[in-house]
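Nothing in this text is a laboratory measurement; each read-out follows from the coordinates by a stated rule. Keep in mind it's a predicted model, so treat the numbers as computed, not measured. Cβ coordinates were reconstructed from backbone atoms using ideal geometry, including for glycine residues, and neighbour counts include every protein chain displayed.
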Amino acid sequence: MNTEKTYTLRDLETTEFSGTPLAVIGHPIQHSVSPAMHNAALAKLRETDSRFIDWAYYRFDIAPEDFAQALALFHKRCFLGLNLTIPHKVQALDLIQGISPDAQSMGAVNTLVWNELGYDGFNTDGYGLSRGLELDLGVMLKDANVILLGSGGAARAAAVQCVLSGCAQLYVGNRTPERLQNLLTVLGGVAGSTSTQTFALNDLPEDLPECGVVVNATSLGLQASDPAPIDVAQLPAGWKVYDMIYNPTKTALLEQASARALPIANGLSMLIHQGARSLELWSHSAVDAHAMMTAACHSLKLPPRYA
Ligand code: NAP
């Protein structure tokens, strides 16, 4: 089977996916580098473990109105694992058998694992972020001060991860106050000692601690012409900046932070490590994140880097 093709619901109905199939499902999905990443990691696993000889990872474009029907078919056809991306991460909650506690708090799942009755849901985005911060910037979330920009799905996963990991201070800013309020409501249900404060994006809190990390989880920066979501000049000199956006590789936020000599990193590491964690859940094996990074860089036409 061709793992580079984008499959449809019709293909799922009519085609035999032999062996142990895995897939990412989204709409749109054409841009996804997940098949390249996962198939590279599977090739590595195969080198030392014959269990993975017939595993393959595919890409499916499934519209939201077809998602429930598709999920039942994926189950019937024994797709062992599924990654969900926009717009399916929330809708899936009503259709799965079980859910991990952190995914429950985040209110979204990005990883499904087959069982006899249906799928169990997990969310590896928060894990991916925490690994990315650790590896790229040397930031451990425990006891950290975090400024989180945004209140959408990715920000929600990040905020829950911050509280579950024991952040000291979490400052959350968003353009739309109602969405910010929704995120606070979500955090209200998560047990932890993190102190949370909100702010408007154009007005960073005063008296920030000397050091901490800014995490951009807004989509501002996806267009090359986008401005930075905050005024970087207001950050104390000990702060670091992580942008979940990885394409473009250097957003205005990162440009301005690096002009001030603040350490910076983009979201490629988060992408790799959320994917590696998904594959670990399916395979119960250690996954070669570096192979995933090499494949992702190749697909995105970026210079190779280490994971
Ligand atoms: P989402 O649910 O649509 O949320 C978008 C967020 O961006 C909201 O907080 C929204 O604020 C804000 N926003 C949009 N346009 C804005 C503007 N012009 N000015 C200020 N704020 C603006 O999207 P998401 O799924 O959370 O994704 C957010 C970003 O994270 C995207 O860039 C995505 O590519 C990235 N991401 C990266 C990874 C990774 O692995 N690296 C994983 C997931 C997501 P309002 O509430 O005011 O609309």
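Rounded to the nearest 0.05, the FRET efficiency derived from the C-beta distance between SER50 and GLU116 at R0 = 35 Å is 0.90. Counted by Cβ distance under 12 Å from ALA56, the other residues give a net charge of +1, where Lys and Arg count +1 and Asp and Glu count -1.
The order of ILE53, ILE29, going from fewest to most other C-beta atoms within 10 Å of their C-beta, is ILE53, ILE29.
Looking at segment 126-266, the DSSP beta bridges with both ends there are about 5 percent antiparallel.
Remark: segment 299-306, residue by residue, has Karplus-estimated 3J(HN,Hα) of 5, 8, 6, 9, x, x, 9, 8 Hz, where x stands for each Gly or Pro and the curve is 6.51 cos²θ - 1.76 cosθ + 1.60 at θ = phi - 60°.
In this Cβ point-charge picture (+1 for Lys and Arg, -1 for Asp and Glu), segment 60-182 has a dipole of about 140 debye about its Cα centre. Measuring max minus min along each principal axis, the C-alpha atoms of the chain give extents of 60, 40, 34 Å (largest first). The order of HIS88, HIS31, HIS75, going from fewest to most other C-beta atoms within 10 Å of their C-beta, is HIS31, HIS75, HIS88. Across segment 126-266, the fraction of Cα-Cα pairs farther apart than 27 Å, rounded to a whole number, is 10%. So, counting K/R as plus one and D/E as minus one, what does the shell of residues with Cβ under 11 Å around TRP239 add up to? That works out to +1.
Model label sites at LEU93 and GLN234, defined 7 Å from Cα along the beta-carbon direction, differ in position by 3.1 nm. Could you work out which residue, out of SER193, SER225, SER34, moves most in a Gaussian network model of the chain, that is, has the largest mean-square fluctuation with Cα springs under 10 Å? Ranking SER193, SER225, SER34 by mean-square fluctuation puts SER225 first. One chain, two ends: ALA286 and LEU302. Fully extended at 0.36 nm per residue, the span grows by 3.2 nm beyond their Cα-Cα distance. What lysines does LYS89 reach when the alpha-carbon gap must be under 22 Å and sequence neighbours fewer than 8 apart in one chain are set aside? Result set, ordered by chain and number: LYS76.
In order along segment 115-127, the phi-based Karplus estimate (6.51 cos²θ - 1.76 cosθ + 1.60, θ = phi - 60°) of 3J(HN,Hα) comes to 9, 4, 9, x, 10, 9, x, 9, 10, 9, 5, x, 4 Hz; Gly and Pro are listed as x.
Which stretch or stretches of segment 56-96 have amide N atoms under 17 Å from the point lying 7 Å from LYS5's Cα along the Cα→Cβ direction? Residues 56-62 qualify, since their backbone N sits under 17 Å from the label point.
Note on CYS167, CYS162, CYS211: ascending count of other Cβ atoms within 10 Å places them as CYS211, CYS167, CYS162, the fewest first. When both bridge partners sit in the chain, DSSP labels roughly 15% of those beta bridges antiparallel. The slack between ALA261 and SER193, meaning 0.36 nm per residue of separation minus the straight C-alpha distance, is 21.3 nm. Scanning residues 5 or more positions from VAL172 or on other chains, those with amide H under 5 Å from its amide H are LEU148, GLN197, THR198, PHE199, with H placed 1.01 Å from N in the peptide plane.
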